[in-house]
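The structure under discussion appears below in the form of structure tokens.
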Amino acid sequence: MSSSPLIARVLQLNSRLRGGGTDSQCLALSQGLAKRGWTVEIAGPMNAPLSPEAAKLALHKLPRFRPHQVLSLARLLRVARPRILHAHHGDDYWTALLASRLVQPSPWVVFTRHLAKSPRSPLSRNHLFSNADAVIAVSEFVAQVLRKGHNDPASPVPERHHRHPCRIDPKKLHVIHTGIDTTIFQPKEVSFTTSARQKLGLKDKEIAFGVVGGFDLPVGKGQRIFLRAAKEVMARLPQARFLLAGRGSMESALQEDIHHLGLGERAQLIGQQDDPVSLYHALDILVHPQIATEAFPSVVLEAHACGRPVIASELDGIPEAWKIGGVGQLVTAGDPHRLARAMVEQAERPGPNTAQRGEMHRRVEAEASLPVQAKKVEDLYRRLMAR
């Protein structure tokens, strides 16, 4: 715990708390800062899925209607007088800025950009980030999108075609990777792996490939690319199994793909898994075949921290996350044939041994763990307050 006299009250603004990646990362950061001695409170809804978790710190009610949110937040700022107001969702950026301008003294306003996208509105692109006191990008790629934009007109995903640059002072932009809980995601003993595989019906000699993530329309995390690759892999590795963990609106389409590709019982949708650590240990290789935008995928860090090889698309912030653990392969996004070759090549190699798994975990722990993230955010807060 830090003993700096600059430690003060922080208000995290999160109008959703629904349970997505940004919400989970917001709460994890809040808990990490609290462990370092900060007084952390959250402004958000009282009846959302993660509201009970937020209430363990301190949860202040935020109304649903956005104009009311601005006035409600301004009243809270006058009473609580936080030194830092930190917003995480794009929807909350304007709320934070406007509310902060209605009180004196104004708190320092910090945004975290969790998406590898530009705001749709020219007004937001020109004024949001330039008016914040600091902007945290969760990866170097996200920072690049904010500074320079990004074009990928050949992509089958329209949101990748053109991402506009935003007006921002480079001195305000800070890259801080989101962290994972490396006390949970870590290598386990053989008996744990055996039990995890048995729970999913995997046999000893079967090679388990898996995709972990939601599969909402239009493209999910690239699960349809994975299934097309699986058909080729099965011809070379008849003992292979292909698991898709998660839920979403593409379920019927994925089931049809499994049928039409002749994957039969070799491919299976296993639903949302409550124990991701067990899931990673049941898999031999994690596949992350993303073809849409991706800022900094925690799933890659989690699998590497558990000592599992990862085959992932080489696009956006994925290579940045993959290189921390660095075991597996990066492949061209959207190419099922190249993905299939990589899956076969990786399956034919010996898996990481005990020492290698430990080293993978240490690298993730050193660069992208929750304490590392909290310390870097704390340092940024201190620099703001010391001005």
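The values are calculated or read from the model by the stated rules, or taken from the named source; none is laboratory data. This is a predicted model, so every value here is computed, not measured. Glycine also receives a Cβ, built like all others from the backbone with ideal geometry; neighbour counts cover every protein chain displayed.
A few points about this structure:
- In region 230-256, the residues that are part of a helix (DSSP H, G or I) and either farther than 20 Å from L286 by Cβ or at pLDDT below 95 (or both): A235, E251, S252, A253, Q255, E256
- For region 89-111, the set of residues classified as of a type in the set (F, W, Y) and either part of a strand (DSSP E or B) or not assigned by TED's automatic domain parsing to the domain that holds K171 (or both) consists of W108, F111, listed by residue number.
- Condition met for S130 (among the small types (G, A, S), touching an Asp or Glu at 6+ places or on another chain (Cβ under 9 Å) and not assigned by TED's automatic domain parsing to the domain that holds I318): yes
- Region 85-99, residues that are surrounded by 23 or more Cβ atoms within 10 Å (Cβ to Cβ) and farther than 20 Å from S24 by Cα: T95, A99
- The one condition in (1) part of a loop (DSSP other than H, G, I, E, B); (2) touching a Lys or Arg at 6+ places or on another chain (Cβ under 6 Å) that L315 fails to fulfil: (2)
- Residues of region 91-116 classified as under 22 Å from R64 (Cα atoms) and at pLDDT below 95, total: 1
- Residues of region 348-358 that are without any contact (Cβ under 8 Å) to a residue 60 or more places away in the chain and surrounded by fewer than 17 Cβ atoms within 10 Å (Cβ to Cβ): E348, R349, P350, N353, A355, Q356.
- Counting only helices (runs of 4 or more DSSP H) that sit wholly inside region 332-387, those with at least 1 residues that are touching a Phe, Trp or Tyr at 6+ places or on another chain (Cβ under 8 Å) and among the aromatic types (F, W, Y) are 370-385.
- Search result, residues across region 37-61 that are closer than 13 Å to L27 by Cβ and either outside the structural domain of V79 (by TED's automatic domain parsing) or surrounded by fewer than 16 Cβ atoms within 10 Å (Cβ to Cβ) (or both): P49, P52, A55, K56
- In this entry, E189 is excluded by the filter for residues that are of a type outside the set (A, V, I, L, M) and buried (at least 16 other Cβ atoms within 10 Å of the Cβ).
- Checked across region 164-175, the condition of being touching a residue at least 12 places away in the same chain (Cβ under 8 Å), crowded, with 16+ Cβ neighbours inside 10 Å and under 28 Å from R362 (Cβ atoms) holds for at least one residue.
- In region 326-347, the residue that is surrounded by the fewest Cβ atoms within 10 Å (Cβ to Cβ) out of those that are touching a residue at least 60 places away in the same chain (Cβ under 8 Å) and aliphatic (A, V, I, L, M) is V344.
- Entry remark, region 37-64: residues being of a type outside the set (A, V, I, L, M, F, W, C), within 15 Å of A87 (Cβ to Cβ) and not in a strand (DSSP E or B) number 1 in total.
- Just one of the numbered conditions (1) exposed (fewer than 13 other Cβ atoms within 10 Å of the Cβ); (2) without any contact (Cβ under 8 Å) to a residue 12 or more places away in the chain is not true of T194: (1).
- Criterion violated by R236 - all others in (1) more than 20 Å from L200 (Cα to Cα); (2) under 16 Å from the mean Cα position of the chain (by Cα); (3) in contact (Cβ under 8 Å) with a residue 24 or more places away in the chain satisfied: (2)
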